[in-house]
Amino acid sequence: MLLRLLTAFALLSPLASQAELVIVASPRSGPIELSREQAEKLYLGRTTTLADGTPVKLVDLPSGTTRDEFYLKLTNKNPSQILAYRSRLVFTGRAYPPLAAESVTEARQWLADTPNLIGYLERGDVTGNLRILLRLP
Amino acid sequence: MRQLLTTLLLALAAGSAAADAPTRFALSGFGTLGVVRSDKDDYHFRSSGTQSANSPGQNFDPSVDSVLGIQGTGRLHDQLDLTVQAISRQATGYNYTPHITWAYLRYRATPALTVRVGRTTTPFFMFSDSLNLNYATPWVRPPSEVYNLNPFSDLDGIDLLYRIPLGEMDLEIQGLFGNSAVSARSASTRLKNAKGINFGLVGSGFSAHAGYARTRLELQWDDGFYRALSNLLTALDEKTALAELSGTKGTTEFFSAGFQWEKNNWLTIAEFAKRRADRYINSAHAWYVTVGYHFNSLTPYATYSQQTQDAPASDARLPPVFMPLVNLYNAPRNNAQHGVALGLRWDLARNIALKSQVERIDAAPGGRGMFPSDSAADYLKPTSPVHVFSMSVDFVF
């Protein structure tokens, strides 16, 4: 019974969807290299630069399935764990939260226009004016 | 302090007006609304030495955990920013009056080196920098056996943070220097020339902390037990013992170490802390272990925690007939106890967590643990196990 409930819950859960996510930046950013480990460090506020020392800024999508799935894939933390973790960074002044976009369209616009700005999108939302840095299958 | 704050706010206003995109000024807040009650009428739970002993007629006491905090952060320049945080909570000396907990300028000299000047927090514990931010942790509050070993939280001074990559992890070394003051229950007390060093190791799902601090301690007791004993010592002409009750010549050392580990939804947090004082207060050590499990939005957890006294506040050796008075003086200054807690965190919505916790606490002989009283009679009775029930809502905005 418990197992069936859990299975049902997993199927209903938005986290179970399987869209491919990618981390992107503007082609104007120069030759950016981004490893999965560095991406995790950036989004967990442990660093503000790329491995070569280039400072970058981050974009967050609005609350929802894509954002939750991104953090789960990259950091293995569910939405409440991420919020709790990040609140500690913010309320000790240690790190700024990423810039919060109000829609995928806005995030895409910012990312295309701004050098050294990094964000994540579903693979299907990536347009030609963006460069894919990392895939999160 | 007020003048410093005004200057900082003016600097912030000027900075945010001048800076072009991306102008970053952020205002955010957090809070807890919580109630605590014990199953014994004459045992009022107090998580910190800054909370007064009495709360007559209150069954569900909101004063232990409830807190509201507001924080503003402004980026003045790419390498320079300002953080100001104020909180309101019930504590001796500022009953819900807003109190500045952070007011510092941070300068990122290099990507590895950061300097902070102003008011920061003492880094005595693993969760020192977020003591009022219950939303960030699974507990209703950090385990009091460890966290009440040091009531000082403000640090007015300077610190340096240096970060070095260490394989897949980052090592952060912090050196600090400053002063601190706090109005505790029946005492006003100060740390002068506090010097400390801290090591923080952060990896994926793992972090560890170790720190050491040494500081001058000034402390003036003003409770009835103190007056009784100091009158007696004066009458007996016990100058040395008298000088070791209250004054400006104390030295204390503080050590703590801990880790957090999260893997496959399991969560483990453990911490050890020890304080050694040459006079005025007792020496004690404490530790806790918490194990929890993330089950979607529910996180049940269990904690075992313990505080042990190493040396009493006063070691005055008097004729046997007077020793009960020395023991009565030492009893309220000994918070030794051990407890088992079972709790549940429920993330019921984004930014809101509901928590509940039941603890069974046994005060160690020679004190009442974290259930202070102003009545001598209470310290003469044998203690018995107490159950403490806590419920709270934590939020961030």
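Of note:
- Considering residues of the range B:370-379 that are among the aliphatic types (A, V, I, L, M) and in contact (Cβ under 8 Å) with a residue 12 or more places away in the chain only, the residue farthest from B:Arg360 (Cα to Cα): B:Ala376
- Residue count for the range B:260-280 satisfying the condition of being under 19 Å from B:Asn150 (Cβ atoms) and in a strand (DSSP E or B): 9.
- Among the candidates B:Leu68, B:Leu33, residue that is under 30 Å from B:Val117 (Cβ atoms) and either at pLDDT 90 or above or surrounded by fewer than 21 Cβ atoms within 10 Å (Cβ to Cβ) (or both): B:Leu68
- Remark: B:Thr268 falls outside the filter, which requires a residue to be closer than 30 Å to A:Tyr85 by Cβ and crowded, with 22+ Cβ neighbours inside 10 Å.
- For the range B:85-105, filtering for residues that are small (Gly, Ala, Ser) and away from every other protein chain (no Cβ under 14 Å) leaves 3.
- Single unsatisfied condition, B:Gly292 versus (1) assigned to a strand (DSSP E or B); (2) surrounded by fewer than 17 Cβ atoms within 10 Å (Cβ to Cβ); (3) touching a residue at least 24 places away in the same chain (Cβ under 8 Å): (2)
- The range B:65-79, subset without any contact (Cβ under 8 Å) to a residue 60 or more places away in the chain and assigned to a strand (DSSP E or B), residue farthest from the other protein chains (Cβ to nearest Cβ): B:Leu68
- Boolean, B:Asn132 is buried (at least 21 other Cβ atoms within 10 Å of the Cβ), part of a loop (DSSP other than H, G, I, E, B) and at the interface with chain A (Cβ under 10 Å from one of its Cβ atoms): yes
- Residues in the range B:356-392 that are in a strand (DSSP E or B) and more than 20 Å from the chain's Cα centre (by Cα): B:Ser356, B:Val358, B:Arg360, B:Asp362, B:Val386, B:His387, B:Phe389.
- Of the criteria (1) modelled with pLDDT of 95 or more; (2) farther than 30 Å from B:Ile164 by Cα; (3) surrounded by fewer than 18 Cβ atoms within 10 Å (Cβ to Cβ), which one B:Leu217 fails: (3)
- Of all residues in the range A:110-127, those satisfying the criterion of being crowded, with 18+ Cβ neighbours inside 10 Å, under 16 Å from A:Gly64 (Cα atoms) and touching a Leu at 6+ places or on another chain (Cβ under 8 Å) are A:Gly119, A:Tyr120, A:Leu121.
- Of all the criteria given as (1) within 12 Å of chain B (Cβ to nearest Cβ); (2) touching a residue at least 12 places away in the same chain (Cβ under 8 Å); (3) not β-branched (Val, Ile, Thr), the one not satisfied by A:Lys41 is (2).
- Qualifying residue in the range A:45-57 (condition: of a type outside the set (A, V, I, L, M) and under 16 Å from A:Asp113 (Cα atoms)): yes
- Here A:Gly53 fulfils each of the conditions (1) within 12 Å of chain B (Cβ to nearest Cβ); (2) within 28 Å of B:Val396 (Cα to Cα); (3) free of Cβ contacts under 8 Å to residues at least 12 places away in the same chain apart from (2).
- Across the range A:40-54, a minimum of one residue is classified as within 27 Å of B:Tyr162 (Cα to Cα), part of a helix (DSSP H, G or I), of a type in the set (Asp, Glu) and within 12 Å of the chain's Cα centre (by Cα).
- Residue count for the range B:205-227 satisfying the condition of being within 30 Å of B:Asn327 (Cβ to Cβ) and of a type in the set (Ser, Thr, Tyr): 2.
- Residue count for the range A:79-108, restricted to those that are within 11 Å of chain B (Cβ to nearest Cβ), more than 13 Å from the chain's Cα centre (by Cα) and either closer than 20 Å to B:Thr121 by Cβ or in contact (Cβ under 8 Å) with a residue 40 or more places away in the chain (or both): 13
- Extreme residue, farthest from B:Arg368 (Cα to Cα), among residues of the range B:305-317 that are surrounded by fewer than 17 Cβ atoms within 10 Å (Cβ to Cβ) and of a type outside the set (Asp, Glu): B:Arg317
- Taken together, the criteria place B:Pro22 among residues that are exposed (fewer than 15 other Cβ atoms within 10 Å of the Cβ), modelled with pLDDT under 80 and within 14 Å of chain A (Cβ to nearest Cβ).
- Put simply, of B:Phe152, B:Phe124 the only residue that is crowded, with 16+ Cβ neighbours inside 10 Å, away from every other protein chain (no Cβ under 11 Å), in contact with a Leu (Cβ under 7 Å, 6 or more places away or on another chain) and not in a strand (DSSP E or B) is B:Phe152.
- Scanning the range A:96-109 for residues that are surrounded by 16 or more Cβ atoms within 10 Å (Cβ to Cβ) and either hydrophobic (A, V, I, L, M, F, W, C) or in a helix (DSSP H, G or I) (or both) yields A:Leu99, A:Ala101, A:Val104, A:Ala107, A:Arg108.
- Flag if B:Thr114 is at the interface with another protein chain (Cβ under 10 Å from one of its Cβ atoms), surrounded by fewer than 17 Cβ atoms within 10 Å (Cβ to Cβ) and either outside any helix (DSSP H, G or I) or not aromatic (Phe, Trp, Tyr) (or both): no
The values are calculated or read from the model by the stated rules, or taken from the named source; none is laboratory data. Remember, predicted model here, so these are calculated numbers, not experimental data. Every residue, glycine as well, gets a Cβ built from its backbone with ideal geometry; the counts of neighbours run over all protein chains shown.
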